[in-house]
Amino acid sequence: MATDAAPTEVAAPRVVDRDVPRPAAPTRPAAAPPRPGPRRSVPDRGWGVPLAVLIVGMFMSVLDISIINVAIPTMQREFAATTEQIQWVENAYSLALGVVVPVSAWLAARFGPGRVYILSLLGFAAGSALCGLAWDLNSIVAFRVLQALPGGVLPVVSLTILYRMVPPYRIGAAMGMYGLGIIVAPAVGPTLGGYLVEYVDWRLIFFINVPVGILGTVAAVLLLPRFGPTPVGRFDLLGFLCVATGLVCLLLALTEGQQWGWTSYTIMILLTVGVLGLALFVVVELEVDAPLLNVRVFTHWPFTNSLLLVSVLSVGLFAVLFYIPLLLQQARGLGAFDTGLLLLPQALVMAVIMPAAGLLYDRIGPRWPAVIGLALVALGTYLLTDVNLESSTSHVVWVLVLRAVGMGLAMMPIMTGGLSSVPANEVDGASAFNNVVQRTSSALGLAGLTSLVTYSREQFALDRGLMVAPDTPMPVLAPGPTGEMAGMYAVYQQIQTLAFVDAMHSLFIVTAIITAAGIPLALMLRSGPSTPAAGGAVVAAH
């Protein structure tokens, strides 16, 4: 714990580097500093095990986002739901995250990050158990909302604890390990989920969180350092209503735009209310004495730049993770588990690369790992345009592995460099913004790319259909009219499959361009290691 340090060494810098005034912190006892920031509360060599506890909670909450994808068809059959209805199993989770993530930083400050983390773990395990017990569509949608509330708090609070207990000069290595939950979990999800759905029971994708959550809670109680609450003002209800309304409307419009029509009145109204709500949130936060989230954090260009790059990587990560399984299952006829096995090597590669990227960050800074990583992601995404119905399995795996190397190199140095540029007393709000940007950018990118795929598929199918001359002989698969109809249907299915593959190629090209556009921004990141300064601040070498 930090009680060994002299009181003047801890308390004084906290007042100097505040950008936003808060209730007078120095009136608190000197032995319990009010804003410890990233100053460690455990010995330099004693943060590894607590970090592992944080990774468990983070991994579990992020894994749940991707593991459910492979179970959606099975759940649709069991609950006798339409495609539009079953999508609310995912949409309800995303909308609930948009409500709870902005308030996570305030909860951590008000009640203490350790206590909030433990309660969130228990809440997530309880919500998962309820999802596994769901008896119809309405019940599982409601339980997914309950599961998302603690699930959205976990990533924000985990980052807060990490920055308080890890020494500044080891933050890169710590973030490299922590990032396993952010990137590796979505890649592992299809493999684990595919196995459980095909060979066991889809309900286990929820029940598996219960023992993990209980064990994680016990470990957190025993091993996490104790951080008390921080003096904060009254809850910013107006700011919360503005940001919650804005994010929910925006996410709802993005997730339902393809289904309801992008130019429909409903979507246009949702987009308008969403943008106005977020704009009003900025105005409110600049005026209130105790803002829910400190929007002045965006005055730090390295942090803002990191959020732009995180958005680029999130679009590339989740778009490919969503559409590659569809390509392998719909076009190539693979099962859910076999598809998951093809995606597993990239997850293993990222598990190895990300800790190494954290060590590189500590030594050389974020610039060159980010530049090289983005270049590899862009190249790997472009090479996916060579994947077709005749491509070998090994070719698909190696291209995905190339992308995984780039993603593992880039993501954590970018996030760490941005958060490390923020003053210690603003890290809580910055981590909340980081999670909001990840969620909204991935939803926005996926919605936009889905529209591209739908339009491209229809256009390619029409073009290929026009290339078939009216007098082209159709295959006859059986004697009589039935065989002729079956042959025509087979030709139609082949045209649709080829059109889908062509649409996937268009998506990969656009995603590669978006990723490559981030390289100039990555060149603006700092180069050189971070060194601790007096009071636990971070000085960046350029």
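For segment 334-343, check the following and say yes or no: at least one residue is surrounded by 20 or more Cβ atoms within 10 Å (Cβ to Cβ), in contact (Cβ under 8 Å) with a residue 24 or more places away in the chain, in the same structural domain as L446 (by TED's automatic domain parsing) and over 18 Å from W398 (Cα atoms).
Checking segment 334-343: at least one residue is surrounded by 20 or more Cβ atoms within 10 Å (Cβ to Cβ), in contact (Cβ under 8 Å) with a residue 24 or more places away in the chain, in the same structural domain as L446 (by TED's automatic domain parsing) and over 18 Å from W398 (Cα atoms).
Only one of (1) under 18 Å from R439 (Cα atoms); (2) not assigned by TED's automatic domain parsing to the domain that holds L376 fails for V312. Which number is that?
Result: V312 fails condition (2) only.
Criterion first (in a helix (DSSP H, G or I), at pLDDT 85 or above, crowded, with 19+ Cβ neighbours inside 10 Å and aliphatic (A, V, I, L, M)) does V282 satisfy it?
Criteria not met by V282.
Take residues that are modelled with pLDDT under 50 and of a type outside the set (F, W, Y) and tell me which of the helices (runs of 4 or more DSSP H) falling wholly in segment 1-112 contain 1 or more.
Here the list reads 7-16.
Please go through segment 285-316 and give me each residue that is over 23 Å from the mean Cα position of the chain (by Cα), surrounded by 17 or more Cβ atoms within 10 Å (Cβ to Cβ) and outside any loop (DSSP other than H, G, I, E, B), ordered by number.
The answer is E285, and nothing else.
How many of the residues making up segment 354-413 are β-branched (V, I, T), modelled with pLDDT of 85 or more and over 14 Å from L317 (Cβ atoms)?
Going through segment 354-413 one residue at a time, the tally reaches 8.
Within segment 314-328, can one find any residue that is in contact with an Asp or Glu (Cβ under 9 Å, 6 or more places away or on another chain) and at negative phi?
Yes, the conditions are met somewhere in segment 314-328.
Quick grid of which residues meet (1) surrounded by 23 or more Cβ atoms within 10 Å (Cβ to Cβ); (2) more than 22 Å from the chain's Cα centre (by Cα):
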{"position": "V56", "(1), (2)": "no, no"}
{"position": "P73", "(1), (2)": "no, yes"}
{"position": "E90", "(1), (2)": "no, no"}
{"position": "A96", "(1), (2)": "no, no"}
{"position": "F124", "(1), (2)": "yes, no"}
{"position": "L133", "(1), (2)": "no, yes"}
{"position": "D136", "(1), (2)": "no, yes"}
{"position": "R144", "(1), (2)": "yes, no"}
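T263 fails exactly one of the following numbered conditions: (1) among the β-branched types (V, I, T); (2) buried (at least 17 other Cβ atoms within 10 Å of the Cβ); (3) more than 23 Å from the chain's Cα centre (by Cα). What is the number of that condition?
(2)
The values are calculated or read from the model by the stated rules, or taken from the named source; none is laboratory data. Because the structure is a prediction, the values reported are computed rather than measured. Here Cβ is always computed from backbone atoms with ideal geometry, including for glycine, and neighbour counts include all displayed protein chains.
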